[in-house]
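Following: one structure in structure tokens, then a few remarks.
The values are calculated or read from the model by the stated rules, or taken from the named source; none is laboratory data. Everything numeric in this text was worked out from a predicted model, so none of it was measured. All Cβ positions, even for glycine, are placed from backbone atoms using ideal geometry, and neighbour counts span all protein chains on display. The protein model used for the area step is the full one, side chains on, heavy atoms only, and it has no ligands, DNA or RNA in it. Shrake-Rupley method; radii C 1.70, N 1.55, O 1.52, S 1.80 Å.
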Amino acid sequence: MGISRRAFGTAALSAVSALVVAGCGGGDGLPESQGQNYIEGDGSIVQFKPDERREPVEFTGTTVDGSSVDVAQYRGKVVVLNTWFAGCSPCRKEAPDMEAVWQEYAGRNVQFLGINTYDTAAIAESFQKSFGITYPSVLDAGSGAAMLALRTYSPQATPTTLVLDTEGRVAARASGIVRKLDLSGMLDDAGATPAATPAGTSTASASAPA
């Protein structure tokens, strides 16, 4: 079985629920939040030891900009799969942190791939521009291929974040909003390479007292 790392308190979950029910149209041209048929995550994070990990995740899809993507093309990288849709309040709250971690891990063996479960390309693109998202997302509402491939990991809650190890196997799952520090830890535990040391700077000299 996986190892539970943490869960948000009841008060935090209640606050997120209130946002979902109330809606959050902010004049950004995006749909208001949707409470109907919405499953809220419980804030838990589960990690899977290497000997508990199942077969590599396999799916293909079309990204918001019309490109084709095959998750298998990212073998050798740690991959973040994040489910979202534009009318999801927790997704909006989480988006800046997702982008921040993506930027933090730029140049390392890490790839982010969003899975949009509801929207048209135009709405998904508007969301990405509004929140400054620079990593790709597949449009899964039509085929459902990505969600089908992930069905054994219970990704019904939105957002759900899955981290794949370098072999494409699920190493960790977060249900609901995932914080920056937690996501960074999930990436490191799954095999993300350390940040490169600046040229001409040794580990010893970097850590030596002035």
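So the values come out like this:
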{"item": "Leading residue by the ranking (surrounded by the fewest Cβ atoms within 10 Å (Cβ to Cβ)) among those in the range 179-190 that are touching a helix residue (DSSP H, G or I) at 6+ places or on another chain (Cβ under 7 Å) and under 22 Å from V71 (Cα atoms)", "result": "S184"}
{"item": "Unmet requirement for G168, which otherwise passes all of (1) at pLDDT 95 or above; (2) open to solvent by less than 80 Å² (accessible area, probe 1.4 Å); (3) more than 18 Å from D51 (Cα to Cα); (4) not aliphatic (A, V, I, L, M)", "result": "(3)"}
{"item": "Number of positions in the range 60-75 that are acidic (D, E) and either part of a loop (DSSP other than H, G, I, E, B) or surrounded by 14 or more Cβ atoms within 10 Å (Cβ to Cβ) (or both)", "result": "1"}
{"item": "Options S154, S175; residue that is in contact (Cβ under 8 Å) with a residue 12 or more places away in the chain, within 20 Å of C88 (Cβ to Cβ) and surrounded by 18 or more Cβ atoms within 10 Å (Cβ to Cβ)", "result": "S175"}
{"item": "Conditions (1) closer than 21 Å to F48 by Cβ; (2) touching a residue at least 24 places away in the same chain (Cβ under 8 Å); (3) open to solvent by 40 Å² or more (accessible area, probe 1.4 Å); (4) not small (G, A, S); number of the one not met by T161", "result": "(3)"}
{"item": "Residue within the range 44-57 that is surrounded by fewer than 19 Cβ atoms within 10 Å (Cβ to Cβ), farther than 18 Å from S143 by Cβ, over 16 Å from the mean Cα position of the chain (by Cα) and of a type outside the set (D, E, K, R) present", "result": "yes"}
{"item": "Of all residues making up the range 76-116, the number that are exposed (fewer than 15 other Cβ atoms within 10 Å of the Cβ), assigned to a loop (DSSP other than H, G, I, E, B) and in contact (Cβ under 8 Å) with a residue 12 or more places away in the chain", "result": "2"}
{"item": "Count of the range 157-172 residues which are within 21 Å of C88 (Cβ to Cβ) and either of a type in the set (D, E, K, R) or assigned to a loop (DSSP other than H, G, I, E, B) (or both)", "result": "3"}
{"item": "Qualifying residue in the range 125-138 (condition: open to solvent by less than 10 Å² (accessible area, probe 1.4 Å), modelled with pLDDT of 95 or more and touching a Lys or Arg at 6+ places or on another chain (Cβ under 9 Å))", "result": "yes"}
